[in-house]
Every structure is written in C-alpha cells, then in structure tokens.
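K.L.:
Shown below is the structure under consideration.
The values are calculated or read from the model by the stated rules, or taken from the named source; none is laboratory data. From a predicted model like this one, the values you see are computed outputs, not experimental measurements. Note: ideal-geometry Cβ built from the backbone for every residue, glycine included; neighbour counts use all protein chains shown. With ligands, DNA and RNA removed, areas are computed over all heavy atoms of the protein, side chains included. Shrake-Rupley method; radii C 1.70, N 1.55, O 1.52, S 1.80 Å.
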Amino acid sequence: AATGRLSSSSPNLQNIPVRTEEGRRIRAAFVPARSGDLMVGVAYSQIELRILAHLSEDPGLIDAFTSGADFHAATAARVFGVTPDDVDPEMRRKAKAVNFGIVYGISAHGLGDSLGIGYAEAQATIDRYFAAYPRVREYLDQTIAEAHKTGYAETMFGRRRPIPELRNSNYNLRSFGERTAMNHPMQGTAADLMKLAMIEVDRRLRAGGFRSRMVLQVHDELVFEVPADELEELSSMARTAMAEVADLAVPLEVGIGAGVNWAEAK
C-alpha cells in the first residue's frame, strides 16, 4: 500500500473485520496446516501513538507511555483536568477517540460523528488535547509545512511518500494531502518497523531451529503456526525481537494471543 503496509487480495487478509461477528467467523476458518499446531498472533500495542510520542518529543505524551499507567486514562486525566482516579469510562472513551484520531488528522466533525457529540464539544475536546500535548500540535504543523515545501512526507527511516494533492487547487484534495502528510510519518514508520521486525523474527526462527512458521502480517500483527511445545519459546522470542527492533523514546509494547484458530488467537 502507499503507506508501506502490506496488502493482499482474493482474499484481502489485511481487512477482515475484527470486531464483527461475521469477521470473527471468517477468522475462525483459518487454522494451522499441521494438526496439533496453534495459531499465535503477536502484535504491537498502540504503535502509531508511540511513534508520535517519539517524533514529537512531547514530554506529556512520553510520560503517559512510560509511567506504566493506562495510556488512554492518562490522556483523559490531562485533557479533562482531573486526577487519574477521577477518570470515568466516558472520559476515557473520548480520550481514546482523540488519541487515535489525531494520528489521522481527525476534524471536529469527524470526532463528533464517531462519539455522537456536538461539533462544539468535539472541537473543545481536540483543543484541550493539544493544550495538554502542545509539542504534538507543533510537530504536526511542522510536518505539514515541510510537506508543502518538499511535496512529500517521510518516515523515521527516511522512506518518502510523494503527496501531489498538496499542490492541487481543489481544497478537499489539499486537505486530504495534509492529512496524509500528518499520518505518513506514523503509519509509514509503523510499517517500516514491522518489516524490520519480520526480518529479525525470520532470522531468529532460522537460527533457533524453530519448527514454528511465520505465515501472515496484518498491520501491527504477525501471525504464526506454532507447535504446542514451542509456544512459550516462540512467544518470548517474537516479543523480544519486535520490542528491540528500534530504540524509541517510549517502549515498544507487544501483546500475544494463541488459539486453535486465528479468531481465538486475537
């Protein structure tokens, strides 16, 4: 894909829904080729937001990841000006939506639609987010300005994505270009990190004489077919390899799930 992520067709394995019942039923159809093996999913946690914390160097965002607290609750406490203990589920839900929306250049209209709140409240929530994490606003503005000058955005590793829409006379296309410029350093870097992780995991699989096989990459997740007696060793190896693939200002966290099919592995 243009972001650097892998995509496939017939079937489109990267876009099978995760949260719908139909999607879970489809994922349950994917089982290991060898009888007795397990499907194992090893996935980065909040990878794009961690990259944003690293690239923006925002101290509050870095602290939210390094403090060990629930990240979305920590953001809610900053955004709504309350103590972490006073964050309620609704505050956390709004903070989570803003956290992920910021990476994609979400507007007040978009946030309002996703949360079912009015434009004014959505805009106020976004404004409070940038007040809590001012370096994020500065970084995103700098990224857009640089992309307007150069015509491209680039990842942490220097991989460039041309954005011709930035020079289009159509406002909507220019706005799309600006959102792309904001997003590419995060999503593109996440794709780069995943490819580096795949190379390192493959190297360790071979060096360690594993019978486990890496069979699929979906966004921030690697999927393996694993003999039951290798589950612990494979999980430890993959987690370490993925967490150590780059040195960021915040830790790269990795989650693991296992089951008899791909749905259970989630």
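K.L.:
Efficiency by 1/(1 + (r/R0)^6): what FRET value for GLN14 and SER45, r their Cβ-Cβ distance, R0 = 25 Å, to the nearest 0.05?
P.N.:
0.85
K.L.:
Okay, moving on. Give the separation of the Cα centroids, the range 44-97 to the range 180-215, in Å.
P.N.:
26
K.L.:
If you project the alpha carbons of the range 34-193 onto the principal axes, what extent comes out on each, in Å, largest first?
P.N.:
If we take the Cα atoms of the range 34-193, the spans are 55, 47, 30 Å.
K.L.:
Ok, one more. Full-extension gain between ILE26 and ALA228, please, as 0.36 nm times their residue separation minus the C-alpha to C-alpha distance. Before the final figure, lay out each step's value.
P.N.:
Working: separation 202, 0.36 × 202 = 72.72 nm, distance 2.32 nm.
Extra length from ILE26 to ALA228 when fully extended: 70.4 nm.
K.L.:
Taking Rh as the Kirkwood radius, which is the inverse of the mean 1/r over Cα pairs, what is the Rg/Rh value for the range 1-93?
P.N.:
1.11
K.L.:
For Cα pairs less than 8 Å apart in space and 6+ apart in sequence, what is the mean separation divided by the residue count of the chain, i.e. the relative contact order in percent?
P.N.:
33
K.L.:
Right, something else. Taking amide H positions as placed 1.01 Å from N in the peptide plane, with prolines and chain starts having none, which residues 5 or more places from ALA153, or on another chain, fall under 5 Å of its amide H?
P.N.:
When sequence neighbours closer than 5 places are left aside, the close amide H contacts are ARG161, ILE163.
K.L.:
With a Förster radius of 41 Å, plug the Cβ-Cβ distance of ARG204 and ALA1 into 1/(1 + (r/R0)^6) and report the FRET value to the nearest 0.05.
P.N.:
0.95
K.L.:
Determine the order of TYR139, TYR152, TYR171 by accessible area, beginning with the largest, at a probe radius of 1.4 Å.
P.N.:
Numbers: TYR139 30, TYR152 60, TYR171 155 Å².
Final ranking, largest accessible area leading: TYR171, TYR152, TYR139.
K.L.:
Right, another one. Rounded to the nearest 500 deg cm²/dmol, what is the calculated helix-only ellipticity per residue at 222 nm for the chain, with -39500 (n - 2.57) per DSSP H run of length n ≥ 4? Numbers along the way, then the final one.
P.N.:
Numbers: 11 runs with 144 residues, N = 266.
Helix contribution divided over all residues of the chain: -17000 deg cm²/dmol.
K.L.:
Which of rounded, prolate or oblate describes the range 174-238 when judged by the alpha-carbon gyration tensor and an a/c cut-off of 1.5?
P.N.:
It is prolate, given that a/c is not under 1.5 and a/b is the larger ratio.
K.L.:
With every protein chain present, what is the per residue accessible area of the chain (1.4 Å probe, Å²)? Before the final figure, lay out each step's value.
P.N.:
Numbers: 13040 Å² over 266 residues.
Averaged over the residues of the chain, the accessible area is 49 Å².
K.L.:
Counting each pair of different Cα atoms once, what's the Kirkwood radius of the range 140-266 in Å, rounded to one decimal?
P.N.:
Mean inverse Cα-Cα distance, inverted, gives 16.7 Å.
K.L.:
While we're looking at this one, here's another question. For the pair THR240 and HIS148, how long in nm is the line joining their label points, each one 7 Å along Cα→Cβ?
P.N.:
The two pseudo-label positions are separated by 4.9 nm.
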